[in-house]
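Since the structure comes first, as structure tokens, the remarks are kept for the end.
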Amino acid sequence: MPELPEVETVVRDLRPLLTGRRLVAVRRASDLALRRPWDVAWAERVAGRTVTGVRRRGKWIILDLDDHCALVAHLGMTGQLTVVPAARELAGHTHLVFDLAPGDEQLRFRDSRRFGSVTWHEGPEALEALFRDAGLGPEPFELAPAVWRASLAGTDRAIKAVLLDQTVVAGVGNIYADEALYRARLHPARRARDLGRAEAERLRKAVAGVLQEAIDKRGSTIRNYVGGNGAAGDYQEEFRVYGRTGEACPRCGRPVERVRLAGRSTHYCPRCQPAG
DNA sequence: ATAGGCGCCTGCTGGC
DNA sequence: TGCCAGCAGGCGCCTA
């Protein structure tokens, strides 16, 4: 579910709630497996450590610890990472609970579909290895025009597929790919290598612009997503095409169309985003 | 070597 | 009302 703006919102929420606090104890709250396996050994290493920072890389959430190790969370489609009062009843699908000190609160990881994960990494090298193995590409706000153009030129795929490729640019998912293509007035099925220089630059800026606006609105909540403080996002109110199949394009009034592309639902305006 | 498809899970919605 | 297919903010593995 969560793409870069949602993950960024979680990170901004969690930063003041976690930084300087100790993870007194960690325990599993379910026996069900997450995408990446829980390792009992790291629970012992993490217990008693203080969180020194909270940051994001692509759609990954990083909790830096005072022993230079790190916890890394991925929210998958339905993951939630929130700080709540320890007395609050455990919500369904809660998988991990971290007791915090000082204060009577807990960091909890919920995930109904369990496509998400929480893992522990021993040192900065191990963390880098995780992102290197994933082939994680540049952050969209730091994507150099020449690098972007080279990525487009080097593939036969549709531009929509390229936007979803985390090795090309990190953090874009299905919603913001569609919204960025609409803003750039580009048909999602256009071959990436066929984009002109101006079109490529328009799209690069549209991606950054849409993501920034979504961050400003605390991301998009369609179903499950909440920030680190438990509050939903507001950017779903700003969608121009995503999830608006059959509704009027806000620019020209033509009905928004939906097709299957790169294995994902893809929404676009057939007039504003011409195929040719 | 690239690109597409499928599987992983659960929950919700819409059509019959 | 009930059932069931289809769909969902993602990724990783397999195959052609």
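Each reported figure results from applying straightforward, stated rules to the coordinates on display, with no laboratory input. Note that this is a predicted model, so its numbers are computed, not measured. We place every Cβ from the backbone using ideal geometry, glycine too, and count neighbours over all the protein chains shown.
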Of the GluC sites (Glu not before Pro) in region A:193-251, those whose Cβ has at most 15 other Cβ within 10 Å and which sit in DSSP loop: A:Glu247
Three principal axis lengths of region A:140-268 [C-alpha, angstrom, descending]: 40, 34, 25
Of A:Val226, A:Gln106, A:Pro16, which is farthest along the charge dipole of chain A in the positive direction, counting Lys and Arg as +1 and Asp and Glu as -1 at C-beta? A:Val226
Going from the fewest other Cβ atoms within 10 Å to the most, one would list A:Leu23, A:Leu130 as A:Leu130, A:Leu23
For chain A, what relative contact order do you get, as a whole percent, if you take Cα pairs closer than 8 Å and at least 6 residues apart? 20
A correct Karplus calculation of ³J(HN,Hα) over region A:269-276, with 6.51 cos²θ - 1.76 cosθ + 1.60, θ = phi - 60°, whole Hz and x for Gly and Pro, returns 9, x, 8, 6, 10, x, 5, x
Around A:Val256 (Cβ within 11 Å, Cβ-to-Cβ, excluding A:Val256; K/R +1, D/E -1) the net charge comes to +3
Pop the C-beta distance of A:Glu199 and A:Arg36 into the FRET formula with R0 = 45 Å and round what comes out to the nearest 0.05. 0.75
Contour minus end-to-end for A:Thr50 and A:Ala275, with contour as 0.36 nm per residue of separation and end-to-end as the Cα-Cα distance? 75.7 nm
Label-point separation (nm) for A:Asp66 and A:Val147, each offset 7 Å from Cα along Cα-to-Cβ? 3.4
Report the trypsin sites (Lys or Arg not before Pro) located in region A:189-276 that are in a DSSP loop and have at most 10 other Cβ atoms inside 10 Å of their Cβ, or state none. A:Arg223
Using 0.36 nm per residue, how much length does the chain from A:Arg88 to A:Thr19 gain when fully extended, once their Cα-Cα distance is taken away? 22.7 nm
Mark the label point 7 Å from the Cα of A:Ser265 along Cα→Cβ and return the residues of region A:148-187 whose backbone N is within less than 11 Å of it. A:175
What fraction of the Cα pairs in region A:4-133, stated in percent, has a spacing above 18 angstrom? 49
What is the pair-distance distribution P(r) of chain A, computed from all Cα-Cα distances in 10 Å bins starting at 0, with each bin given as a whole percent? 7, 28, 32, 20, 11, 2
Which distance in nm do the two modelled labels at A:Thr155 and A:Arg223 give, with both placed 7 Å along the Cα-to-Cβ direction? 2.5
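Any chance you could run the full-extension gain for A:Asp234 through A:Glu125? It's 0.36 nm times the residue separation minus the Cα-Cα distance, nm to one decimal.
Full-extension gain reported as 35.6 nm.
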Can you list residues from other chains, or at least 5 along the same chain, whose modelled amide H is less than 5 Å from the amide H of A:Arg49? A:Leu23
Mean Cβ neighbour count within 10 Å, used as a protection proxy, ranking A:176-183, A:35-42, A:138-145 highest first: A:176-183, A:138-145, A:35-42
